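This report concerns only the one structure given below.
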Amino acid sequence: MSPTETGRTTTETVDTDAGPARITWLPAKKPRLVLAVGHGAGGGIEARDLQALAAVVPAHGVSVALVEQPWRVAGKKLAAAPKTLDTGWRGLWPALAAPGLPVVSGGRSAGARVACRTATELGAHAVLALSFPLHPPGRPEKSREDELLGSGVPTLVVQGGHDPFGRPGEFPPGEYEITEVPYADHGFAVPKKAGPTQDQALEIVTAAVTAWLDRLP
């Protein structure tokens, strides 16, 4: 591991069996939890929802760890297979748990699937699933609900109302919470002339997540 500090933000490279991964730490002053969030298959930690959470969550006593999977660190354009993503996440876990705090495992899209699949095995305190891809667009019969329902820990889903990978009304009943971001797509982008503004949409995301984190023991 090789940490490099930039102001209050620390970047740490972690060797995993899938290759080097990277964690960008945004620490809280007196943290009680770590929120580790991974990116999706089509982008990195610059995603608007991840950046919004990184800006807001530390003030609630939760340190944020923005996680970049090995394929992204290597500069590849295509995400690795799900098993390889899980391998990378497992390899990162000791570094995420190193502060000695409960770790909320999370991510957006493919990262949310990884968090759900590995939560029980890794001893995650809870799971945050942003834009969970319940099914491929236009293929509701290819449901991934088993991954979500199998997380085994308290889980919050934050989903765009117009997400082609699964609208909130399509989600199965289960022991998890779900918050809808009206009119938002898979990246939580909203049309300019309908519903909330882009800033308001992100405020819905951050408010839901911080309120849920505050309720966690």
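The values are calculated or read from the model by the stated rules, or taken from the named source; none is laboratory data. Predicted, not measured: the structure shown is a model, and the values here were computed from it. When we count neighbours, we look across all protein chains shown, and the Cβ atoms used for this are built from the backbone with ideal geometry, even at glycine. Surface areas here come from the heavy atoms of the whole protein model, side chains and all, with no ligands, DNA or RNA. Shrake-Rupley method; radii C 1.70, N 1.55, O 1.52, S 1.80 Å.
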Worksheet, complete the sentence: Heavy-atom accessible area of Y183, protein chains in place, probe 1.4 angstrom, given in Å² to nearest 10, is 100 Å²
Worksheet entry | Paramagnetic label zone (point 7 Å from Cα along Cα-to-C-beta, T179; backbone N under 12 Å) in region 128-169 | 128-131, 156-160
Item to complete: With just the Cα atoms of region 174-217, tell me how far they stretch along each of the three principal axes, in Å, largest first.
Response: 39, 22, 15
Worksheet entry | Stretchable slack from Q200 to E46, in nm (0.36 nm times residue separation minus alpha-carbon distance) | 53.6 nm
Worksheet item: How many percent of DSSP beta bridges within the chain run antiparallel, rounded to 5?
Response: 40 percent
Item to complete: Using a Förster distance of 35 angstrom, determine the FRET efficiency expected from the C-beta separation of K83 and E170, and round it to 0.05.
Response: 0.85
Response to the item:
Contour minus Cα-Cα span, K192 to H135, at 0.36 nm per residue, comes to 17.9 nm
Worksheet item: What number comes out for the charge environment of W212, summing +1 per Lys or Arg and -1 per Asp or Glu over other residues with Cβ under 15 Å away?
Response: -4
Worksheet item: If you take the square roots of the eigenvalues of the alpha-carbon gyration tensor of region 23-128 and sort them as a ≥ b ≥ c, do you get rounded (a/c under 1.5), prolate (a/b over b/c) or oblate?
Response: oblate
Discussion item. I'd like the FRET efficiency for A74 and D214, computed as 1/(1 + (r/R0)^6) with the beta carbon distance as r and R0 of 41 Å, rounded to 0.05.
Written reply: 0.65
Discussion item. Using helices alone, I'd like the mean residue ellipticity at 222 nm for the chain: each DSSP H run of four-plus residues gives -39500 (n - 2.57), total over residue count, nearest 500.
Written reply: -9000 deg cm²/dmol
Worksheet item: Taking the inverse of the average 1/r across all pairs of different Cα atoms in region 93-217, what Kirkwood radius in Å do you get?
Response: 14.8 Å
Worksheet, complete the sentence: Rounded to a whole %, the carbon-and-sulfur portion of the accessible area of region 4-99 at a 1.4 Å probe is 54 percent
Item to complete: Express the Stokes-Einstein translational diffusion coefficient of the chain in µm² s⁻¹, to the nearest whole number, given a Kirkwood radius over alpha-carbon pairs, 20 °C and a viscosity of 1.002 mPa s.
Response: 125 µm²/s
Discussion item. Quick check: net charge around H162, other residues with Cβ under 13 Å of its Cβ, Lys/Arg +1 and Asp/Glu -1?
Written reply: -3
